[in-house]
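The values are calculated or read from the model by the stated rules, or taken from the named source; none is laboratory data. Source: prediction; values computed, not measured. Here Cβ is always computed from backbone atoms with ideal geometry, including for glycine, and neighbour counts include all displayed protein chains.
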Amino acid sequence: MLFRSASPARGAGGQPSVASCREPCVPRAEGHRPPARPGSARADVADRAQFLGVRVFSAEEVDRRLDDLALVDRLDALFRAGCEMPTRHHHTLHEPNGPGSTDATLLLMPAWTQGADSRLGIKMVTVYPDNGSRGLPAIFGQYVLLDGHTGRPLALLDGTMLTKRRTACASGLASRYLSRSDATHLTMIGTGALAPHLIRVHSKIRPIRKVTIWGRRTEQAEALALELSATLPGQLGRPIEVRAASERKAAVMEADIVSCATLSQTPLIEGAWLHEGQHIDLVGAYTPKMRESDDEAVRRARIYVDTRAGALKEGGDIVQPLANRIIAEEGVIADLFELTRGIRSGRPAGDRATITLFKSVGAALEDLAAAELTVDGDAAPRR
């Protein structure tokens, strides 16, 4: 099904309408809540935070204040400058709700910078699988930003929205170095909460004129295509064609850039489908057992990652081919540190032959960059 729009849908007062069909397409993020009622427990917590000088940013505020291209630039600068980024902490909470209850997980992801403007940030994520029975999300995420010289808390930010925005912009940063500058056709594999962010950012980095969306459930791909047909032209300032596809193979073969964000355990992108000059962006498959591309795709491509420490240990699209001896560690050309610093090169200008593949698993540096931009920047126009 094809949806074409040369201008954004308009609401009251002639302003672009963003929310008209957003709800059926994108699940609400954890932390996406209505404003706290005066006198409620949430309002009391916010009041105490403000009294202590801690600024609180909801999911809506994080989303509103972050500009895509500004965040891509901030990520570029921080990867180039570097920061302290210890390995993320995984802690298991055994049977937190009594004998027989499911174990929970606490994840801590710290990062900090040095110098006159030193900041320390920590993302805290809890995973409680039994929360569904209580009517609560299984995952909660919050980000705390502190002064790097004194340890004084500066801000508390919604970690879920922060993660979505920085993940998409990390892919945008990689695309800036790796995709063809004249790429015009993007295929999105997956229809989850990350998909609209990835589509929007890729379409800002390159002159994308056509977007194809494939999902396991065609109706979800069609709903997302309809939503983006209404919102993307206004966000990009140009016409763009968005359509849903039922055939995954054809959707991959036709594209200049393929972005994939799923929880798949088996490959969705086959190497036999790829053609010269393509760029593959793999965002899902963040555990060693997950997989979004097959061995042939990895074998044919020049491989890049967000961080070597993370991708070579956690990303199934890299871990499994390494274990199967399809590639060696030396086959990973560069990470974002090396690309931004010019230590290794990306796609040369005019190169229309190389297939590039970027695998990300996330890095605490990215969270810190997004948190700093949220707190420091004046409220930016919506994306």
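Among the residues of segment 321-372, how many are crowded, with 21+ Cβ neighbours inside 10 Å and in contact with a Pro (Cβ under 7 Å, 6 or more places away or on another chain)? Here the count works out to 1.
Conditions tested, residue by residue: (1) modelled with pLDDT under 95; (2) buried (at least 24 other Cβ atoms within 10 Å of the Cβ); (3) within 21 Å of the chain's Cα centre (by Cα); (4) not in a helix (DSSP H, G or I).
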| site | (1), (2), (3), (4) |
| --- | --- |
| Ala183 | no, no, yes, yes |
| Ala193 | yes, no, yes, yes |
| Arg200 | no, no, yes, no |
| Pro207 | no, no, yes, yes |
| Leu224 | no, yes, yes, no |
| Leu228 | no, yes, yes, no |
| Arg238 | no, no, no, yes |
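Screening Thr187 with (1) of a type in the set (Val, Ile, Thr); (2) crowded, with 23+ Cβ neighbours inside 10 Å; (3) more than 27 Å from Gln320 (Cα to Cα) gives one miss only, at (3). Pick out the one residue from His202, His197 that is free of Cβ contacts under 8 Å to residues at least 40 places away in the same chain and either of a type in the set (Ser, Thr, Tyr) or under 19 Å from Leu69 (Cα atoms) (or both). Exactly one of His202, His197 is free of Cβ contacts under 8 Å to residues at least 40 places away in the same chain and either of a type in the set (Ser, Thr, Tyr) or under 19 Å from Leu69 (Cα atoms) (or both), namely His197. Residue count for segment 295-317 satisfying the condition of being of a type outside the set (Gly, Ala, Ser) and over 26 Å from Arg206 (Cα atoms): 5.
Of all residues in segment 209-221, those being surrounded by 24 or more Cβ atoms within 10 Å (Cβ to Cβ) and part of a helix (DSSP H, G or I) number 1. Taking strands (runs of 3 or more DSSP E) as the structural unit, no element lying wholly within segment 60-154 holds at least 3 residues that are surrounded by fewer than 19 Cβ atoms within 10 Å (Cβ to Cβ) and β-branched (Val, Ile, Thr). Within this structure, Ala272 fails the test of being at pLDDT 95 or above, assigned to a helix (DSSP H, G or I), small (Gly, Ala, Ser) and surrounded by 19 or more Cβ atoms within 10 Å (Cβ to Cβ). Would you check if Gly234 is surrounded by fewer than 22 Cβ atoms within 10 Å (Cβ to Cβ) and on the phi > 0 side of the Ramachandran plot? No: the conditions fail for Gly234.
With respect to being basic (Lys, Arg), assigned by TED's automatic domain parsing to the domain that holds Thr191 and crowded, with 17+ Cβ neighbours inside 10 Å, Arg291 fits the description.
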